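The numbers here are math on the coordinates, done by the rules we state, and not lab data. This structure is a prediction, so every number in the text was calculated from the model and none was measured. When we count neighbours, we look across all protein chains shown, and the Cβ atoms used for this are built from the backbone with ideal geometry, even at glycine.
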Amino acid sequence: MKQPIEALAVRLGRALKGRGWMASTAESCTGGGVAYAITEVSGSSAWFDRSFITYSNEAKQQMLGVRTGTLAEHGAVSGPVVIEMVAGALAQSRADVAVAISGIAGPDGGTPDKPVGTVWIGWGLRAGPAQAACYHFAGDRQGVREQAVATALRHLCEAADAIST
């Protein structure tokens with residue numbers, strides 16, 4: 001069953017607050033949508049530290065320390081880049097868990113190798129290695145972004161649930 005974005009944000013808050021842990025986000029194609037969903041939850045300042053909206057490659061490099069070589073070799077929409085974005089979000093914040101998103105929301109920007117709807121999401125804990133997964137979301141720009149936000153929140157919830165047990 002799909003959970004609404006709001007319910008996922010509330011679930012994340014409960015898990016993190018219960019542990020005294022903080023979250024951070026690093027977002028590109030979602031433009032801060034995950035951070036927006038989180039900060040819609042009353043009291044989220046107790047468990048949400050900050051967000052990095054790194055739409056350009058330059059911002060990814062400057063704010064999160066994504067390496068030029070990684071961007072050149074794999075492109076911004078890739079697993080290695082979102083892994084480095086997660087690492088950067090954790091390094092530049094007080095967060096214990098972070099999520100990163102980079103994708104092609106459309107309607108322009110797609111290629112045969114990376115069509116519109118391609119979104120990479122990375123997530124990880126300060127105390128462990130980051131993970132990444134590629135998704136191919138259908139729909140218009142808003143639909144792709146909403147699906148990416150919900151999926152990112154699900155990954156954060158799963159990570160928070162793992163640390164809560």
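Given the alternatives [x] -0.54, -0.81; [y] -0.38, -0.62; [z] -0.43, -0.67, log10 I(q)/I(0) by the Debye sum over Cα atoms at q = 0.11, 0.14 Å⁻¹ as computed for this entry is given by [y]. Which of 52, 125, 30 sits farthest toward the positive end of the charge dipole of the chain, with +1 on the Cβ of Lys and Arg and -1 on the Cβ of Asp and Glu? In the chain, that residue is 125. When only Cα pairs below 8 angstrom with a gap of at least 6 residues are kept, region 5-164 shows a relative contact order of 26 percent.
Counted as membrane-span-like here are DSSP H helices of the chain whose alpha-carbon atoms extend 15 Å or more along the helix's own axis and whose Kyte-Doolittle mean is 0.5 or above; these are 79-91. The distance between label points at residue 127 and residue 161 comes to 1.9 nm (points 7 Å beyond Cα on the Cα→Cβ vector).
Dipole size of the chain about its Cα centre, with +1 on Lys/Arg Cβ and -1 on Asp/Glu Cβ: approximately 400 debye, rounded to the nearest 20.
Take every DSSP beta bridge whose two residues both sit in the chain; close to 55 percent of them are antiparallel. Separation of region 87-104 from region 119-165 is 11 Å, based on Cα centroids. Shown for 141, 94: other C-beta atoms within 10 Å of each C-beta, ranked fewest to most, produce the order 94, 141.
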